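One structure below.
The values are calculated or read from the model by the stated rules, or taken from the named source; none is laboratory data. The model shown is predicted, which means the values in this text are computed figures rather than measured ones. Please note: Cβ atoms are built from the backbone with ideal geometry, for glycine as well, and neighbour counts cover all protein chains shown. Each accessible area value is taken on the protein alone, full model and side chains, heavy atoms only, with ligands, DNA and RNA left out. Shrake-Rupley method; radii C 1.70, N 1.55, O 1.52, S 1.80 Å.
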Amino acid sequence: MLFGGRKKKGVENPQTELYGHCLQLYTQPPLENISLVEFEQFAVDRMKLLKTVENLGVTHIKTSEDYSKKLHAEISSLNFPHRTEAVASEYEKRRKDHISHFILRLAYCQTEDLRRWFIQQEMDLFRHRFNDLSPKSKSDFLHRNSLQYETISVEEKKSLMEKLINSSYAFSGCTVEEQDFYKVPFQDALDLVRMRKVFVKDGFAYVPHQDIVTIVLNDYRTRLSKALALTARSLPVVQSDERLQPLLSHLSHAYVGQDYSIQKNIGKISLEQIDSLSTKSFPPCMRQLHKALRDSHHLRHGGRMQYGLFLKGIGLTLDQALQFWRAEFLRGKVDADKFDKAYAYSIRHMFGKEGKRTDYTPYSCMKVILSNPPSQGDHHGCPFRHSDPELLKQKLQSYKISSGGINQIDDAGFSLNHPNQYFSESQKLLTGGKEVKRELDSPRRPHAAAGSENSKAPPETPSSSNRVPQEVMDDLDSFFQEE
Amino acid sequence: AETVTAACLPELLPLYYRRLFPFSQYHRWLSYGGVTKNYFQNREFSFTLKDDIYVRYQSFSNQNELEKEIQKMNPYKIDIGAVYSHRPNQHNTVKSGTFQALEKELVFDIDMTDYDDVRRCCSSADICTKCWILMTIAIRIIDRALREDFGFRHLLWVYSGRRGVHCWVCDEAARKLSVAARSAVAEYLTLVKGGEETVKKVQLSDPVHPFIKESLAVVRRYFTDYALVGQDIMGSKESMDKVVALVPDDILALCSFILLYVCIFSYQASSKKSYYTEEEIMLQYCYPRLDVNVSKGVNHLLKSPFSVHPKTGRISVPIDLRELGQFNPFDVPTISLICKELDRPRTAEEEEASVRERDPDGGEIFSDYKRTSLAKYVKLFDQFVEEMERSRKGELLRRTDLQKDF
């Protein structure tokens, strides 16, 4: 985005061309002058909108009517475009949409976390607005944005009828006949392919018109990701403008989460304490890993990473870690020589002393839940997401939590999204550092685990809300009570 | 047997690498017709040497360098990594951040230990003819899907040497896949999910995707033989309990263990609710289990075909899918066998044949492997490489034709 001295493009009806559709992919930056007042107002409004998108996304299912209604209301009240007619008032809103998006790119391009958050909310917003369009409007959008995928012929559709019907939920013979199916190279439809929500043949995914939004979203995410990386490079120039710097800085600090990369208590934990700490202050996932390690004197790679980094986060030094793992592995089938050659390297690697020398950060709940699901022989992952409900209940009971405690709604005043956060909050409570309403023995349920055992689709997106919502707790409640 | 093999390797490996390893086809494979500049030169290899010394970022300018280095180092194990932006053996001289993995074959690793919860005959690194069927099933299912669903054509299936199989998808499109695409393909192919803590690892619901239907058809063909006969899963209370644990409560309430199978059928027929119990049990017992992480990473290294397994001595040989049912891992030649076969005195015919095939650069070396049990595997490998070359030529012709039209 350029400031000062630029004329409007001398193209015929540039406005109608640029803002001819209420939805866009933000491929062209705005090229006009703008007052500081407008600059600020636009940015703040979009910021509010994205925050609403985030909050609604945690408390509602994103395709539900309730969600759509509330988001629609917010979009209107903040004066963002929501109508498909090319009315003059709509044009102003589309302009605001365009400009505010680009301003926020400046604020959110700086770190991985900021970028991820921004992309997530923009995608959710886009999905909602796209789904709101009429079929004709959707086609119009696809054409304007050169997403030219071929539709399959009637004959081909007939010959594949059975398979097309069975490749997606809520398809019947009629709906297949009525809809257009697009033949898309499978690399462009990864989300649908990954979850087997689409028929795949000969390297092509047969995407029904109703699902084309997923394809578009993929495209959007890729572009936005690249654009943010580029924007980050020109940031120094922009930040040196004193008119903009305070605003941008304020915008990006509205979102920040602790990642436990800087350990505050290095060396304050002794190895002898670990067994007792594991039952008192470890979240269930780490407690499970610790027990598996003690029982079989071994953990596979996934478990070593998740648990090893957690231990680093609670304050273990590299030497302590080496001692800890070595002692345990030697009790098993590994001899000293093999440990020093094979496993010691990876522990040092975790502490940033080998290879790329990246000081790896302990995994957040989101990372534990969403990446690298456990398979046969693994003990890592999140018990609330990856375990059998019955087994989990039994396990919690064996941890001497009352059945009341299991079902109770907690209100400790913070929402859990990191295992190390669990540990430090627990320690604070046990050592009397914080006022509390009830004992900390009942486990926190990470809000992302809501209903995941029962729903068909995996949780869609990570969230970073600052409170655990009532609806989510109710879901977990009924889930545990189902027999 | 393991320690015997390990002791013999220092003697046998030099012989293997000098006279048996099919360097020519190997180099042809990995050059991919020389279409992309420096494709072979920028490929990472890694070697595991004696005493577990592991060296990464090996790379070679040509076949000759590759041969010389391998013959000098006599690696216990060879792994193939990605094609990078620069020569891997010079990666330290490259500006930090610019040395990147660019391409690699799409690979799959199916390991028998991942099936320990559903096989009674063996556990961990052991295998036998009874549980080997699982690999046959896995290959049939994955091979079909990769070809028919994803349109890939150049697949190399290789026995890993001990307890599993690998698949190398060598199509150009496959080599260029992003991490996200690899992970999506691997997830598409994943039906059995869950670790130690999960009892029911397969959940099906309406509608049943065509891919699942195809896979079920394969599993059904083998299930009786594998699970009911070979593994005898209903033969002990403990084992039966595991099967029963997969059946929903509302069905269980009705039947006794012995009538389990019959009950499933009749219940399903008369109930409005959709059950896939029988299918879920079958899939949990037989469906392939992939290690997604192996497939995801562009820079993930995977054991090279024709590498020797340091513990069993067996060679990682390509598998002929036309004779998949007859493949027996215990018949795969070991390095000591083939080296022994080398020393066998030649028959008159073999003498003649070797003279006819004499290589101008120095002779007998190239026909050596033909005297050993390795022969048919090298031939198979040869056919694979040739097929790709033929296809490449065809593609080139097609492209130049198109240009001519223009």
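Are any residues in the stretch A:297-321 surrounded by 15 or more Cβ atoms within 10 Å (Cβ to Cβ), free of Cβ contacts under 8 Å to residues at least 60 places away in the same chain and under 26 Å from B:ASN293 (Cα atoms), and if so, which ones?
A:HIS297, A:HIS298, A:ARG304, A:GLY308, A:LEU309, A:LEU311, A:LYS312, A:ALA321
Quick check: is even one residue across the stretch B:165-172 facing another protein chain (nearest Cβ under 9 Å), within 18 Å of A:LYS201 (Cα to Cα) and not in a loop (DSSP other than H, G, I, E, B)?
No, the stretch B:165-172 has no match at all.
Is it true that A:ASP113 is closer than 19 Å to A:ARG221 by Cα and at pLDDT 90 or above? First the steps, then the outcome.
Values: closer than 19 Å to A:ARG221 by Cα: yes; at pLDDT 90 or above: no.
Here the answer is no, as A:ASP113 does not meet what is asked.
Restricting the first residue to the stretch A:38-56 and requiring it to be open to solvent by 20 Å² or more (accessible area, probe 1.4 Å) and of a type in the set (Val, Ile, Thr), which pairs with a second residue that is in a helix (DSSP H, G or I) and modelled with pLDDT of 85 or more meet a Cβ separation below 9 Å and a spacing of at least six or different chains?
A:VAL44/A:SER100; A:THR52/A:LYS70; A:THR52/A:LEU71; A:THR52/A:GLU74; A:THR52/A:ILE75
Does the stretch B:297-345 hold any residues that are small (Gly, Ala, Ser) and either surrounded by 21 or more Cβ atoms within 10 Å (Cβ to Cβ) or in contact with a strand residue (DSSP E or B) (Cβ under 7 Å, 6 or more places away or on another chain) (or both), and which are they? I'd like the intermediate steps shown before the answer.
Taking the stretch B:297-345 and keeping what is small (Gly, Ala, Ser), we get B:297, B:304, B:307, B:313, B:316, B:325, B:336.
Correct list: B:SER304, B:SER307, B:GLY313, B:SER316.
If you take the residues of the stretch A:105-147 that are of a type outside the set (A, V, I, L, M, F, W, C) and in a loop (DSSP other than H, G, I, E, B), which of them is surrounded by the fewest Cβ atoms within 10 Å (Cβ to Cβ)?
Initial filter on the stretch A:105-147 (of a type outside the set (A, V, I, L, M, F, W, C)): A:105, A:108, A:110-113, A:115-116, A:120-122, A:124, A:127-129, A:131-132, A:134-140, A:143-146.
Retained after the next criterion (residues that are in a loop (DSSP other than H, G, I, E, B)): A:110-111, A:132, A:134, A:145-146.
On the way: A:GLN110: 17, A:THR111: 12, A:ASP132: 18, A:SER134: 9, A:ASN145: 16, A:SER146: 6.
Going through the qualifying residues, I end up with A:SER146.
When the stretch B:110-153 is examined, which residues are found to be under 23 Å from B:TYR32 (Cβ atoms), in contact with a Phe, Trp or Tyr (Cβ under 7 Å, 6 or more places away or on another chain) and within 13 Å of another protein chain (Cβ to nearest Cβ)?
Within the stretch B:110-153, B:LEU146, B:PHE150 meet the criteria.
Could you please tell me which pairs satisfy a Cβ distance under 6 Å, a separation of 6+ or placement on different chains, a first residue in the stretch A:72-93 that is more than 22 Å from A:GLN121 (Cα to Cα), and a second residue that is at pLDDT below 85 and open to solvent by 40 Å² or more (accessible area, probe 1.4 Å)?
As it stands, the answer is A:GLU90/A:ARG83, since those pairs meet every condition given.
Within the group B:LEU134, B:LEU177, which residue is assigned to a loop (DSSP other than H, G, I, E, B) and of a type in the set (A, V, I, L, M)? Explain how you work it out, then say what you get.
Details: B:LEU134 fails: assigned to a loop (DSSP other than H, G, I, E, B).
Answer to the check: B:LEU177.
Please specify each residue of the stretch B:63-97 satisfying the condition of being within 15 Å of B:GLN41 (Cβ to Cβ), open to solvent by less than 70 Å² (accessible area, probe 1.4 Å) and polar (S, T, N, Q).
Passing the criteria: B:GLN63, B:SER85.
Would you mind finding the one in B:THR136, B:THR113 that is among the hydroxyl-bearing types (Ser, Thr, Tyr) and open to solvent by 20 Å² or more (accessible area, probe 1.4 Å)?
The unique qualifying residue is B:THR113.
Could you grab the pairs with beta carbons closer than 7 Å, sequence gap of 6+ or different chains, first residue in the stretch A:148-159 and open to solvent by 90 Å² or more (accessible area, probe 1.4 Å), second one of a type outside the set (Asp, Glu)?
So the pair list comes out as A:GLU150/A:TYR182; A:GLU150/A:LYS183.
How many of the residues making up the stretch A:380-397 are of a type in the set (A, V, I, L, M, F, W, C) and at the interface with chain B (Cβ under 10 Å from one of its Cβ atoms)? Steps first, please.
Keep residues of the stretch A:380-397 that are of a type in the set (A, V, I, L, M, F, W, C), which gives A:382, A:384, A:391-392, A:396.
From what is left, the residues that are at the interface with chain B (Cβ under 10 Å from one of its Cβ atoms) are A:391-392.
Final tally of qualifying residues: 2.
Rundown of residues vs (1) modelled with pLDDT of 90 or more; (2) over 19 Å from the mean Cα position of the chain (by Cα), yes/no style:
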| residue | (1), (2) |
| --- | --- |
| B:SER354 | no, yes |
| B:GLU364 | no, yes |
| B:ALA375 | yes, yes |
| B:LEU380 | yes, no |
| B:MET388 | yes, no |
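Only one of these conditions is not met by A:LYS367: (1) within 13 Å of chain B (Cβ to nearest Cβ); (2) open to solvent by 30 Å² or more (accessible area, probe 1.4 Å); (3) not acidic (Asp, Glu). Which number is it?
Checking A:LYS367 against (1) within 13 Å of chain B (Cβ to nearest Cβ); (2) open to solvent by 30 Å² or more (accessible area, probe 1.4 Å); (3) not acidic (Asp, Glu), the one that fails is (1).
Among the residues of the stretch B:189-236, write down those that are open to solvent by 30 Å² or more (accessible area, probe 1.4 Å), touching a helix residue (DSSP H, G or I) at 6+ places or on another chain (Cβ under 6 Å) and more than 13 Å from every other protein chain (Cβ to nearest Cβ).
Passing the criteria: B:TYR222, B:MET234.
In the stretch B:139-164, which residues are open to solvent by 20 Å² or more (accessible area, probe 1.4 Å), in a loop (DSSP other than H, G, I, E, B) and closer than 27 Å to B:GLY313 by Cα?
Within the stretch B:139-164, B:ARG162, B:ARG163 qualify.
Looking at the stretch B:51-68 only, could you name the residues that are assigned to a helix (DSSP H, G or I) and either within 30 Å of A:PHE339 (Cβ to Cβ) or at pLDDT below 95 (or both)?
Filtering the stretch B:51-68 down to residues assigned to a helix (DSSP H, G or I) leaves B:51-52, B:63-68.
Result: B:ASP51, B:ASP52.
Please report, ordered by residue number, the helices (runs of 4 or more DSSP H) entirely within the stretch A:299-373 with at least 1 residues that are modelled with pLDDT of 90 or more and under 23 Å from A:GLN427 (Cα atoms). Steps first, please.
Working: elements: A:301-314, A:318-330, A:344-350, A:365-370.
Where helices (runs of 4 or more DSSP H) fall fully within the stretch A:299-373 and carry at least 1 residues being modelled with pLDDT of 90 or more and under 23 Å from A:GLN427 (Cα atoms), they are A:301-314, A:318-330.
Every residue, every condition in (1) of a type in the set (Lys, Arg); (2) at pLDDT below 90, yes or no:
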| residue | (1), (2) |
| --- | --- |
| B:LEU191 | no, no |
| B:GLU196 | no, yes |
| B:LYS201 | yes, no |
| B:ASP206 | no, yes |
| B:GLU214 | no, no |
| B:LEU228 | no, yes |
| B:LYS237 | yes, yes |
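Please identify the pairs in which a residue from the stretch A:219-236 that is β-branched (Val, Ile, Thr) has its Cβ atom under 6 Å from the Cβ atom of a residue that is buried (at least 17 other Cβ atoms within 10 Å of the Cβ), counting only partners at least 6 apart or on another chain.
Note: pairs meeting the criteria are A:THR231/A:ARG105; A:THR231/A:CYS109.
Within the stretch A:201-208, is even one residue at positive phi and either surrounded by fewer than 20 Cβ atoms within 10 Å (Cβ to Cβ) or within 13 Å of chain B (Cβ to nearest Cβ) (or both)? Outline the logic, then answer.
Within the stretch A:201-208, the first condition is being at positive phi, and the residues that meet it are A:202-203.
Retained after the next criterion (residues that are either surrounded by fewer than 20 Cβ atoms within 10 Å (Cβ to Cβ) or within 13 Å of chain B (Cβ to nearest Cβ) (or both)): A:202-203.
Yes, that holds for at least one residue.
So is A:GLN179 farther than 25 Å from B:ALA174 by Cβ and either open to solvent by 20 Å² or more (accessible area, probe 1.4 Å) or within 7 Å of chain B (Cβ to nearest Cβ) (or both) or not?
Details: farther than 25 Å from B:ALA174 by Cβ: yes; either open to solvent by 20 Å² or more (accessible area, probe 1.4 Å) or within 7 Å of chain B (Cβ to nearest Cβ) (or both): yes.
Criteria met by A:GLN179.
Matching residues to (1) at negative phi; (2) within 14 Å of chain B (Cβ to nearest Cβ):
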site	(1), (2)
A:MET305	yes, yes
A:ILE314	yes, no
A:THR317	yes, no
A:VAL334	yes, yes
A:LYS338	yes, yes
A:TYR345	yes, yes
A:GLY377	no, yes
